[in-house]
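For reference, the structure is listed below as structure tokens.
What follows is calculated from the coordinates using simple rules that are stated; it is not laboratory data. Computed from a predicted structure; not experimentally measured. Note: ideal-geometry Cβ built from the backbone for every residue, glycine included; neighbour counts use all protein chains shown.
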Amino acid sequence: MMNKNAPIGVFDSGVGGLTVVKEIMSQIPDERIVYFGDTARVPYGNKSKETITKFSRQILHFLQTQEVKAIVVACNTASAYALDEIEKETDIPMIGVVKPGAKVASETTKNGRIGVIGTEGTVNSKIYSKYIKELNPEVSVVGKACPLFVPLAEEGLWQDPVTDEIAKRYLTELIDIDIDTLVLGCTHYPLIRDTVAKIMGNKVSLVNPAYETARELKELLAEKDLLNDTPANLGDNKYRFFVSDASEKFKVFANSIIKYGILSAKTINIEEY
Ligand code: DGL
């Protein structure tokens, strides 16, 4: 029997998953969170399925030591490559970001043409296309890897002429095929949402899987009777952050995304798990 007051485990390849944490904090504010960012081994987006599965399994083992009641795979690449495998290895309910994003995209499109932007791994896995077509076989889905968006977002160039220029180069081919829905299929992309929206124009709806995942997580917890019934206070270890490297840098970035002051982030050796 899971403990309702236990934290939710959230993991990502680094800082990007904080966009998902932010949504969870706002949509289910009474929940405790343990976050792990694999800052020593980021990026995941250009690595193989085998490697990402191995990393994700180690993180699962770490989160098990934190006695989490549910796990959110906040990283799109890990959701694409590893979720199916590692969810079989535990009883802890697990949710990734891809299925919730795919569901909303399939419900949003009117002209049946959907674009998905993400890392090389996410786009090459064609996982968004698979889930979207399961829900709506009539639609066409075109993926486009946008690897430079990750460093641009991490450099804080969320609205900058350099980001505009790169976004134009990446997105023109999606504009040309007249998509009406675009999935922001990478943790970092909600940070540059305004730039993407500007380039795509107002006829294209942007889907943010981070928002949808938090909504589905809330439903999952309610369904399993796992919503926290004794809310924690902020000072009460409510939000705990772990990384595999460079905790100070993580803290600075995290504080630029999340409105609660992140007081500490602890470095752990993830290879031990
Ligand atoms: N978190 C990754 C994702 O959502 C992006 C960064 C990386 O490549 O590790 O796919």
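Observations on the model:
- Nearest-20 debye value, the chain charge dipole, Cβ charges on Lys, Arg, Asp, Glu: 160 debye
- Inter-label distance, nm, simple model (7 Å from Cα along the C-beta direction), LEU263/SER26: 2.5 nm
- Extent along the principal axes, Cα only, for segment 117-169: 38, 18, 15 Å, with the longest axis given first.
- Once the C-beta distance of GLU219 and MET1 is scaled by a Förster radius of 22 Å, the resulting FRET efficiency is 0.65 to the nearest 0.05.
- In segment 71-118, trypsin sites (Lys or Arg not before Pro) in a DSSP loop with at most 13 other beta-carbon atoms within 10 Å: LYS110
- Degrees, to the nearest 10: 161-176 long Cα axis against longest axis of the chain: 60 degrees
- Estimated inter-spin distance, ASP194 and ASP229, nm [label 7 Å along Cα→Cβ]: 4.4 nm
- Based on alpha carbons, the Rg and Dmax found for segment 177-249 are 17.6, 51 Å.
- Pair-distance distribution P(r) for segment 1-109, from all Cα-Cα distances in 10 Å bins starting at 0: 15, 48, 31, 6, 0 percent.
- Spin-label pair ASN202/LYS54, simplified geometry with 7 Å Cα→Cβ offset, distance in nm: 5.1 nm
- Per residue Cα convex hull volume in Å³ - calculated over segment 76-131: 73 Å³
- Among the GluC sites (Glu not before Pro) within segment 67-153, those in coil by DSSP and having at most 11 neighbouring Cβ atoms inside 10 Å are GLU138.
- Computed over segment 78-185, Cα set: Rg, Dmax in Å: 15.1, 47
- The Cα-based radius of gyration and maximum Cα-Cα distance (Dmax) for segment 139-273 are 18.4, 52 Å.
- SER140 sits among other residues whose Cβ lies under 12 Å from its own Cβ, and their net charge, with Lys and Arg +1 and Asp and Glu -1, is -1.
- Spin-label zone in segment 195-230 - amide nitrogen under 13 Å from a point set 7 Å from the Cα of TRP158 along the C-beta vector: 195-196
- Lys pairs under 25 Å by Cα in segment 1-122, provided they are eight or more residues apart or on distinct chains: 21
- Volume per residue of the C-alpha convex hull in the chain, rounded to whole Å³: 117 Å³
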